[in-house]
Every structure is written in C-alpha cells, then in structure tokens.
C-alpha cells in the first residue's frame, strides 16, 4: 500500500513537471524562430543596403519562416536612414493560463 501511494505521488508530480517543461520548451522554440526571422531580415536588409519592393520580395520568400510571428519594419525616429526590425510573437503557458506577446527589436546600420 505504501509503495502504491508513493508511486501515485511520483506520477502526479512528475506529470505536472512534464507539462511545465513542455510549455517552457514551446516558449523557447517560439523565441528561437522569432529571433531567426529577425536576424535573417536584418541580414537581408544590410546586405542589400536598401528597402524597396525587390528587397521586400526577398524577405517574404526567405526560407526562415515564423508562422505565429508578425514582423514590421519601421524607420528610426531620430535616424531615418536606419530601420527597426520588430518581430512580435505570442507566449503561452497553458498550465498557468498565461498569454502574452513578446517583442524582439533589431536596428540596422545606416542604409543607402
């Protein structure tokens, strides 16, 4: 009887930590995808040294994709020759009922 009780406790707490671990791994994977998207976009912009329709097509057709992310390119308010690459992505921790949005920002070197 004591062994069964101990086993039940181990399984109960083990499953709780397993669910928590899976949620944390999901957040880490989502962060890595968003960071890769932002870094790839930054590299394309700096390599092309401009932002126009052709460069936007290169960014859109890039192999690095993040399906739950939203990316915007904004000019810097003080330095108009530089661009902000902003990637927003959701963070979900189901066991806590927590939902939020995280943001990654990169600033290009002066373009053009």
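The values are calculated or read from the model by the stated rules, or taken from the named source; none is laboratory data. The model shown is predicted, which means the values in this text are computed figures rather than measured ones. Here the Cβ is made from the backbone with ideal geometry for all residues, glycine too, and neighbour counts use every protein chain on show.
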Quick check on residue 55: is it surrounded by 10 or more Cβ atoms within 10 Å (Cβ to Cβ), in contact with a helix residue (DSSP H, G or I) (Cβ under 7 Å, 6 or more places away or on another chain) and modelled with pLDDT of 95 or more? no
Please verify whether residue 76 is touching a residue at least 24 places away in the same chain (Cβ under 8 Å), within 16 Å of residue 111 (Cβ to Cβ) and loosely packed, with under 15 Cβ neighbours inside 10 Å, treating the condition exactly as stated. yes
If I go through the stretch 78-97 residue by residue, how many of them are touching a strand residue (DSSP E or B) at 6+ places or on another chain (Cβ under 7 Å) and either part of a strand (DSSP E or B) or under 17 Å from residue 30 (Cβ atoms) (or both)? 10
Return the pairs, sorted by first residue and then second, in which the second residue is buried (at least 16 other Cβ atoms within 10 Å of the Cβ) and part of a helix (DSSP H, G or I), the first residue lies in the stretch 31-45 and is in contact (Cβ under 8 Å) with a residue 40 or more places away in the chain, the beta carbons are less than 7 Å apart, and the residues are 6+ apart or on different chains. 41/59; 45/55
Go through the residues of the stretch 33-42 one by one and say whether even a single one is part of a helix (DSSP H, G or I), in contact with a helix residue (DSSP H, G or I) (Cβ under 7 Å, 6 or more places away or on another chain) and surrounded by 11 or more Cβ atoms within 10 Å (Cβ to Cβ). yes
I'm told residue 71 meets every condition in (1) in contact with a helix residue (DSSP H, G or I) (Cβ under 8 Å, 6 or more places away or on another chain); (2) surrounded by fewer than 14 Cβ atoms within 10 Å (Cβ to Cβ) except one. Can you identify the failing condition by its number? (2)
